[in-house]
Amino acid sequence: MNHSKSSILYEEAVKYIPGGVNSPVRAFKAVGLEPIFADYAEGSRLTDVDGNTYIDYICSWGPLLLGHSPKAIVEGIEEVVAKGTSYGVATAIEVEMAKLLVEAYSAIDKVRMVNSGTEATMSALRVARGYTGRNKILKFEGCYHGHSDALLVQSGSGTLTYGVPTSPGVPEDVVKHTLVARYNDLASVHALFEANKGEIAAVIVEPIAGNMGVIEGKKAFLQGLRELCSKEGTVLIFDEVITGFRIAYGGASEYFGVAPDMVCFGKIIGAGLPVGAYGGKSEIMDMVSPIGTVYQAGTLSGNPLAMYMGKKNLELLKTNQEVYKVLATKATKLTEGFKANLEKLGLEFTVNCVGSLVCLFFANGRIENYDDVKRCDTELFTIYYKKMMEKGILLPPAQFEGMFLSAAHSDEDIEATIKANYEALEMVKIYLERI
Ligand SMILES: *Cc1c(COP(=O)(O)O)cnc(C)c1O
């Protein structure tokens, strides 16, 4: 596989962009490769500047539930552009979008649009703190909530790969209010509540963790958080930036039947344009300026192009909710295929699958929290990764990321991926036998 054009671009890119990329995971550093540069993508396929076409399981890291540029969503966007790209005054489509979000999530009454998942979680926490008059927040090891200061503590995604649990540039004074508990471990949460009585403003959690591979939150764990937060007057925030409109139309909240006080959105609600949102009960959301005193604003928030794509995406999902079953069936088929390959080869690695999220962990036994994830052999993942890429399968380039399936992935795509998986695992086996 030739990557010479990507290589030339990369050489140029590093001169002007730190590491040559605008987000660390795009560097492919965790798998010992150089970044590829995309040329175009359609459906389940991405083609790089060297003309290599891959079955794409990065899918922009989550936004593209229906694949790349589905006609039904992108058509008509030229007309939106022709009417203006941003106004800085309110538009009708923002109302329609807010209504769609609120109707999909019974737990929330009102919603505010922002421009990214990072902004959504950062703003939700500010509101929760304003609402409770408390400073402390509680998050979980391995959960990633974007890159705002207070949340960049033992988070997942690139920070796991690059071993920067707490980033330089984040003052201790800021993170001293951030408490960190163990995922799927209610006892660790109880202990922190006990030690910080009446001080915790919010608990923020990924109900299905998607930034330390893929780990399903246990229902009892999430229900336990709900009960504890109600009892302690703490705001329970579900970060559904990945799971929102992916796991079900009503997200993980619907899937688990657990109602949070606030929800953060991103990714799918923008269908590939930069969008985020946070919502909650009226009582909480009415804290937000201009009717409340908690300040939060945005020059491009509710941008007409982003609203157009997002709204069409949600409307399409709303009227085709069987897509979630279809996606889950595909993911299960992929998972079963991987498991069968592992068994055939006598390997005992773990595959986690929730909805349309799949992760093959290079570790044995159950993977239920960050400590489990840390057992993974990233060297084996790298061997596996390179072979998969050679076979035309584009996986997220790090062990600690899940595969994102889309409705555009065909049965043939899944079969080709299972076949490539066998060959890549064979390489891993040969390597293991040699050492
Ligand atoms: C991606 C992600 C974010 C951050 O969203 P950005 O749009 O990248 O700022 C927050 N929370 C979760 C769970 C995410 O996966």
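The values are calculated or read from the model by the stated rules, or taken from the named source; none is laboratory data. Just so it is clear, the model here is predicted, and its values are computed rather than measured. Positions of Cβ are backbone-derived with ideal geometry, glycine not excepted, and every protein chain shown enters the neighbour counts. The protein model used for the area step is the full one, side chains on, heavy atoms only, and it has no ligands, DNA or RNA in it. Shrake-Rupley method; radii C 1.70, N 1.55, O 1.52, S 1.80 Å.
Odds and ends about this structure:
- Comparing Cα centroids, the range 357-401 and the range 264-330 end up 30 angstrom apart.
- Theoretical ellipticity at 222 nm over the chain - DSSP helices of four or more residues, -39500 (n - 2.57) apiece, nearest 500: -12000 deg cm²/dmol
- Signed unit charges on C-beta, dipole axis of the chain, positive-most listed residue Gly210, His190, Gly32: His190
- Under Stokes-Einstein, with the Kirkwood radius over Cα pairs as Rh, the value for the chain at 25 °C and 0.890 mPa s is 110 µm²/s.
- Under the Karplus curve 6.51 cos²θ - 1.76 cosθ + 1.60, θ = phi - 60°, whole-Hz ³J(HN,Hα) for the range 168-173, x wherever Gly or Pro sits: x, x, 9, x, 4, 4
- All lysines inside 22 Å of Lys374 as judged from Cα atoms, apart from same-chain residues fewer than 8 positions distant: Lys29, Lys139, Lys218, Lys339, Lys386, Lys429
- Label-point gap, in nm, between Asn135 and Val89 - each point 7 angstrom along Cα→Cβ: 4.3
- With every protein chain in place and a 1.4 angstrom probe, the accessible-area ranking of Asp48, Asp39, largest first, reads Asp39, Asp48.
- Around the Cα centre of the chain, unit charges on the Cβ atoms of Lys, Arg, Asp and Glu (plus for the first two, minus for the last two) sum to a dipole of about 500 debye.
- Taking the DSSP beta bridges with both ends in the range 72-319, the antiparallel portion is around 40 percent.
- Whether the range 158-271 is rounded, prolate or oblate, judged on the alpha carbon gyration tensor where a/c under 1.5 counts as rounded: oblate
- Ordered by 1.4 Å accessible area with all protein chains kept, Ile430, Ile17 run largest first as Ile430, Ile17.
- With all protein chains modelled, accessible area of Arg126 [1.4 Å, Å²]: 100
- The lysines within cross-link reach of Lys110, meaning a Cα-to-Cα straight distance under 18 Å and a gap of 8 or more places when in the same chain, are Lys99, Lys281, Lys311.
- Integer Hz, Karplus 6.51/-1.76/1.60 couplings in order for the range 129-143, x for Gly and Pro: 5, x, 5, 8, x, 10, 9, 7, 10, 10, 10, 10, 3, x, 8
- Global geometry of the range 72-319, whether rounded, prolate or oblate, following the gyration tensor of its Cα atoms and the 1.5 cut on a/c: prolate
- Amide H contacts under 5 Å for His177, placed H, 5+ residues apart: none
- Cleavage-rule hits (GluC sites (Glu not before Pro)) in the range 1-59: DSSP loop, at most 13 neighbouring Cβ within 10 angstrom: none
- Using θ = phi - 60° and Karplus 6.51 cos²θ - 1.76 cosθ + 1.60, couplings along the range 357-364 (whole Hz; Gly, Pro as x): 10, 9, 9, 9, 9, 8, 7, 8
- Highest mobility in the GNM of the chain, judged by mean-square fluctuation with C-alpha springs under 10 Å and restricted to Ala220, Ala424, Ala271, is found for Ala220.
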